[in-house]
4 protein chains.
Amino acid sequence: MATKAELTHFFQTDFPQADFLIDSVGEKSATIRKKINQGHLRPGGTVSGPVLMELADAALYVTILSEIGLVAHAVTTNLNINFLRKPSAEKDITAKCTLIKLGKVLAIGEVSIYSGDSPEPVAHAVGTYSIPPVK
Amino acid sequence: MATKAELTHFFQTDFPQADFLIDSVGEKSATIRKKINQGHLRPGGTVSGPVLMELADAALYVTILSEIGLVAHAVTTNLNINFLRKPSAEKDITAKCTLIKLGKVLAIGEVSIYSGDSPEPVAHAVGTYSIPPVK
Amino acid sequence: MATKAELTHFFQTDFPQADFLIDSVGEKSATIRKKINQGHLRPGGTVSGPVLMELADAALYVTILSEIGLVAHAVTTNLNINFLRKPSAEKDITAKCTLIKLGKVLAIGEVSIYSGDSPEPVAHAVGTYSIPPVK
Amino acid sequence: MATKAELTHFFQTDFPQADFLIDSVGEKSATIRKKINQGHLRPGGTVSGPVLMELADAALYVTILSEIGLVAHAVTTNLNINFLRKPSAEKDITAKCTLIKLGKVLAIGEVSIYSGDSPEPVAHAVGTYSIPPVK
């Protein structure tokens, strides 16, 4: 188990390129947030798909580490994402992840992604991480 | 229909943040390439998953535009990706896309992603783009 | 909009091979149930994967028809399913669907599938239906 | 490794409900075939989606067993399927599977599904099987 403070420290130290904030960590769940700037946009003034994919993947990773601790090198094996609505170019993006299975070998979670305060998700993802055996 | 030269010009002009080269464009297919640098890596010295997702998405987009031309604003509606093997940190990544359906409303393609000259893909994706109606 | 009674009548009349009961219909959601018999099992005494896939697809269809009415001929365009746990061979299977987008052209929903009263899902699916234009 | 004859015998003996023929088995690939009857159709006179999903899943299973032998109890962990075109109600359906990864723990393959002799696939699937450890 890892707390929000421990996870925040871990990403700052070990993943300096990780560009998100951890909003909250709960029971098999976590919410992360990304501030949107010009480099995240695509023509038409909306947040690009890869930015949302990256955030979905990061939300899964944060949630899994919050449960199994900061040691293991879990890696994504599958990610399926549906893009549902056009995010605002001017609002933060938040990704809320809930694990639906946390096994010894595989962890699977779903992620709803929101733009600003809108209750309708802009994207929804389901992803699988492989958890390496403890040595 | 758009040629490799027209597509290359389009991405340089309209998507300046697009960070890939178009290697070839064929019959409902295209191959793009990305040079890997330090910013694309994750701990353990491998290319990060989001870099591969972004390249899969871009390969689909390039291939669809090569068929329908540079006008339409196609957007991704779904992307499913499997991560298969660990890419090298020192080799270019190439993404080869083949469309399996090009309808009036939806285009669907599959993408195999390779690291350097290895014949075994490091990732495989299937994605759907929504093609907006011509006005 | 269609009620539980209207949907039940529709499936009995138009889809006689549909082998499930509609438990409840709510706001952009529905729950259906399937009684498991010997023909639904695979070696090892568990419910076969295709039975769960079929139920996930049916739950999406019921939920979409509950919102758009019984007229349109919606068809599945994509289904992604994760198998999470081994279902019991002796318990009913229920599938709870919630729509995450109901657009004019595409409807997307997620489905959690349960075995008996266990709160942990045995499978989780996300699917997209194409909604044909009203003529 | 298992031959076409060994696989055919295995499915007749251990999976009597499996309703398909094995057309061919090759290097990390196999093709299976299903004869379509009235019970496989849905309103509108086309083969139902679940019939195609079941065949995609079976094609993966046959191909994996052709490589790892008939002993192991491999199970599907993920299946993602896109429905591309309307199959004919009067033609056999064939499913051609190619493995894109055969690891110790996970096997991943893609499946193209055809109706009759048409070269355009009616569906395309990618699936993952978990391979249990040899005891």
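List the lysines whose Cα sits under 20 Å from the Cα of A:LYS104, skipping any in the same chain fewer than 8 residues away. Correct list for A:LYS104: A:LYS28, A:LYS135, C:LYS86, D:LYS104, D:LYS135. Placing a label point 7 Å from the Cα of C:GLY45 along the Cα-to-Cβ direction, the distances to the matching points in the other copies come to 4.7, 5.0, 6.3 nm, shortest first. Counting only the Cα atoms, region D:1-132 fills a convex hull of 98 Å³ per residue.
D:ASP57 exposes around 20 Å² of accessible area when a 1.4 Å probe is run over every protein chain in place.
Per the rotation superposing chains D and B, the chain D residue found at the smallest beta carbon distance from the axis is D:ASN80, 2, distance in Å. A point 7 Å from Cα along Cα→Cβ stands in for C:LEU102, and the other copies hold the same point at 3.4, 3.6, 4.7 nm, listed in rising order.
Taking every C-alpha pair closer than 8 Å and separated by at least 6 residues, the mean separation divided by the residue count of chain A gives a relative contact order of 26 percent.
Looking at the square roots a ≥ b ≥ c of the eigenvalues of the Cα gyration tensor of the protein assembly as shown, which shape do they give, rounded for a/c under 1.5, prolate if a/b is larger than b/c, or oblate? Rounded, because the longest to shortest axis ratio a/c is under 1.5. Shape call for region D:8-49 from the C-alpha gyration tensor, a ≥ b ≥ c root eigenvalues: rounded (a/c under 1.5), prolate (a/b greater than b/c) or oblate? Judged from the Cα gyration tensor, region D:8-49 comes out oblate (a/c at least 1.5, b/c at or above a/b). The GluC sites (Glu not before Pro) of region B:1-60 meeting both criteria, a DSSP state outside H, G, I, E and B (loop) and at most 15 other C-beta atoms within 10 angstrom of the site's C-beta, are B:GLU27.
Rounded to the nearest 20 debye, the dipole magnitude of region C:4-130 is 220 debye, with +1 charges on Lys and Arg beta carbons, -1 on Asp and Glu beta carbons, and the Cα centre as origin. Seen against the Cα atoms of chain C and their longest principal axis, helix C:4-14 is set at about 90 degrees.
Counting only DSSP beta bridges with both residues in region D:4-130, tell me the antiparallel percent, nearest 5. Around 100 percent antiparallel, to the nearest 5.
Helices in the protein assembly as shown, meaning DSSP H runs of at least 4 residues, each add -39500 (n - 2.57). Divided by all residues, the mean residue ellipticity at 222 nm is -7500 deg cm²/dmol. Which links in B:LYS35/D:LYS101; A:LYS35/C:LYS101; B:LYS34/D:LYS96 stretch past 28 Å when you go from one Cα to the other? Result: B:LYS34/D:LYS96 exceed 28 Å.
Between helix C:49-68 and chain C there is an angle of about 30 degrees, using the helix long axis and the longest principal axis of the Cα atoms.
Positive contributions from Lys and Arg (+1) and negative ones from Asp and Glu (-1), summed over other residues with Cβ under 10 Å from the Cβ of D:ALA58, come out at -2.
Each copy carries C:PHE15; placing its label point 7 Å along the C-beta direction from Cα gives inter-copy distances of 2.5, 3.8, 4.0 nm, listed from smallest up.
The values are calculated or read from the model by the stated rules, or taken from the named source; none is laboratory data. Since we're looking at a predicted model, the values are computed, not measured. Cβ: placed from backbone, ideal geometry, glycine included. Neighbour counts: every protein chain shown. These area figures cover heavy atoms from the full protein model, side chains too; ligands, DNA and RNA do not enter into them. Shrake-Rupley method; radii C 1.70, N 1.55, O 1.52, S 1.80 Å.
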